[in-house]
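Since the structure comes first, as structure tokens, the remarks are kept for the end.
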Amino acid sequence: MKKIFILVILTILLMSFADPDANVILDKVDKNMSSKNRISESEMIIHGRRTSREIKSISYSVGLKQSFTEYLSPAREQGTKMLKLENQLWIYSPSTDRIIQISGHMLRQSVMGSDLSYEDLMDDRKLSDIYTAKFTGNETIDSRNTYVLELIAKVDDVAYQSQKIWVDAERFVPLKEEMFAKSGQLLKRSTLSDVKQVQGRWFPMTIIYKDVLKEGNGTEFKITSVKFDQNIPDYIFTKAALKQ
Amino acid sequence: MIKFLFRGIIRDKSRSLLPIIVVTLGVFLTVFMSGFLKGIFNDITEINAKFTTGHVKIMTRAYGENKDQLPNDLALMDVKNLLNRLKLDYPYMDWVQRIHTGGLLDVPDSLGETRGQGQAIGTAVDLLTPGSPEVDRMNIKKSIVKGSLPVKQGEALISDDFAKKFGVSTGDKITLFGSTMNGSMMFKTFVVSGTLRFGNSILDRGAIFMDIRDAQLALDMDDAASEVLGYFKDGIYNDQKAQELQASFKSKYSRQGDEFSPEMFRLVEQEGLGDYLKLGNSAGAIMVFIFVFAMSIVLWNTGLLGGLRRYSEFGIRLALGEEKRHIYITTIYEAIIIGIIGSVIGTGMGLGAAYYMQNYGLDISAISNNIGMMLPSVYKAEVTPGLFYLGFFPGLIATVLGSALAGFAIYKRETSQLFHELEV
């Protein structure tokens, strides 16, 4: 009995010294960041080289394939709507009463002059679905212990071939992300903060994006309210809803 | 003696025909190629000046550093004031504002949804002001394939290639989608007033030409422009004047340490055009060098052959007591006469061919559609006063040089051997 007890203790000790399973960490991150559906209101503060602008919007998303965003302010953007269905994106402009489909290289263009591209907005897939993770060490960010993971794409249609993410070791929320091109060049960096518990999950309420290839001071994305697992009517995710 | 030599040259065609043909051909090629090369390089410079660089261009420092990305968020502001000041300070220039923007050109179906779309490069110039020099400067009227110039705001010209690809006709609506100066989404619907074809792939690929005011409204650039271009009123680029203008502009308008300060760039400082201008200016010198070098060798050989053929003649003349120096001088005189005849004929032919190419040019549009550089579709020669004498003196020099080298053989003749040689 004594021997079995010592063996169990040793096993536990050995396991605690072993590297954590990166894919398990990624699953836990996905559980926090992904949901059945979500309604969120946000403010996007774009720091340009000349001026800064603040854009307010409300977004509805169901799973990973449907999302609808309506811009609320400023007046120039008010009424502009974006609809994403699967891998297609449409934008409605009230000033011209036109629905324009965005495709090809335009998906890599900046949204409203921000550090986010249309492709960034569209790619809502779970990280574990598109990347293979590898644990590379521990680091401390803002006094919080993090797991550092290297993610390598396992599917072809990804915006970034690889990523490096720093995951809060306790809350399993990314606190920092770096996105790389196939060539290994760093393309974007984001820092996530103001992590709050919403409906039983940890969620970052502020994300600062920086396109490193673009001059300027980055884009601050603040979620002012977020609700998970709501009843969202199906008609919202139709092209007809864009003109309403 | 000149008359005597001239008669000899005319009567003895075997003595003069080949050298005259060689000199004529050489001078013809020098004159024609100099004019043609100068024309080509000047055309390349001119088309770039008209469409992209101006004789001088003013941009903000920050825009200039990233100009390939068409970064209108870094564009010039307070442009009306800037233009007014420029017109007062530098009245010998024409000043125009332009906007360049990139985006998508979207063709709607009957429900207003996307039927087709392609990448677009938008250029906004003053199209609507009566007598605007921009229409002629950019050759817009002549490049219209269908329809006409915009006559009111909200009308635009689009590339004929794009119109054909997406089945767009004049009177149809198209939407330009991109970003405003502030980064907002820009949607602007235009009525197509006509289609354009410049014969240059850069300009013809997804081009949309609109009035500057339309662009300013659509892009939130009310008193802003991507760039201000300046053109010398006589239409000819003068680098010395441009340098003086640039120095004066820098002292009056530029602000140290401000990335949005306006900065002036001369034509030669943009798109590698300085090298083209240098090549154009040295085209004549390059051709003359090749001609004098190559023709001297040919004419030297011709002279040697002539010397061999006239071996007996020179021998008899020496035997009759004519001095070697005199014979040598007469061959030089003969060479001068031959040089003059060949140079006059060659210059005439070269000028004629250059004049023809100046008027009609060589149309390369069929093979230049996929060339990414801003190149003219028709290459034309340029007849300049320099062409009238450019080939003449080298023609003369090459002939004299050739004969002078060949004529040294006369001095190697031994008088004591003459009768022996003549018996043979």
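Tabulated data
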| item | result |
| --- | --- |
| Under Karplus coefficients 6.51, -1.76 and 1.60, residue-wise ³J(HN,Hα) of the stretch A:97-114 in Hz, glycine/proline x | 6, 10, 10, 10, 8, 9, 8, x, 5, 5, 5, 8, 6, 5, 8, 6, x, 7 |
| Relative counts (whole %) of C-alpha pair distances in chain B, using bins that are 10 Å wide | 4, 18, 21, 17, 12, 10, 8, 6, 3, 1, 0 |
| Total formal charge among the other residues, if their Cβ is under 12 angstrom from that of A:L213, Lys/Arg +1 and Asp/Glu -1 | +2 |
| Fully extended contour minus Cα-Cα distance, from A:R144 to A:A75, at 0.36 nm per residue | 20.8 nm |
| Residues in the stretch B:67-90 that a label on B:N238 would reach, taking backbone N under 16 Å of a point 7 Å out along Cα→Cβ | B:90 |
| Label-point separation in nm, A:K31 to B:H326, each point 7 Å along Cα→Cβ | 12.1 |
| q = 0.08, 0.16 Å⁻¹, the stretch B:56-236: log10 I(q)/I(0) [Debye, one scatterer per Cα] | -0.24, -0.97 |
| Relative contact order for the stretch A:20-242, counting Cα pairs under 8 Å that sit 6 or more residues apart, in percent | 22 |
| Nearest 10 degrees, 0 to 90: helix A:22-33 Cα axis against chain A principal axis | 40 |
| Cα-centre dipole for chain B with unit charges at Cβ (Lys and Arg positive, Asp and Glu negative), debye to 20 | 1580 |
| Reach of B:K142 by Cα under 27 Å, taken over lysines that are not fewer than 8 positions away in the same chain | B:K38, B:K50, B:K57, B:K152, B:K164, B:K165, B:K173, B:K188, B:K233, B:K380 |
| Residue order, fewest to most beta carbons within 10 Å, for B:I341, A:I141 | A:I141, B:I341 |
| Given charges at beta-carbon only (K, R positive; D, E negative), |dipole| of the stretch A:101-223 in Debye | 160 |
| Peptide-level mean, for B:176-188, of C-beta atoms on other protein chains within 10 Å | 6 |
| Options A:T80, B:V168, A:A133, ranked by Cα towards positive dipole end of the protein assembly as shown, top entry (Cβ charges) | B:V168 |
| Pairwise FRET efficiency - A:D157 versus A:D194, Cβ, R0 = 30 Å, nearest 0.05 | 0.45 |
| Summed residue charge, Cβ within 12 Å of A:W202's Cβ, Lys/Arg positive, Asp/Glu negative | +3 |
| Mean separation of Cα contacts under 8 Å, 6 or more apart, over the residue count of the stretch B:45-134: relative contact order % | 17 |
| MRE, 222 nm, helices only [DSSP H, n ≥ 4, -39500 (n - 2.57), over chain A, to nearest 500] | -4500 deg cm²/dmol |
| Cα centroid separation, the stretch B:90-144 to the stretch B:1-55 (Å) | 42 |
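Read-outs throughout are calculated quantities, based only on the coordinates presented, and are distinct from any laboratory measurement. Just so it is clear, the model here is predicted, and its values are computed rather than measured. Virtual Cβ from ideal backbone geometry, glycine too; neighbours counted across all protein chains shown.
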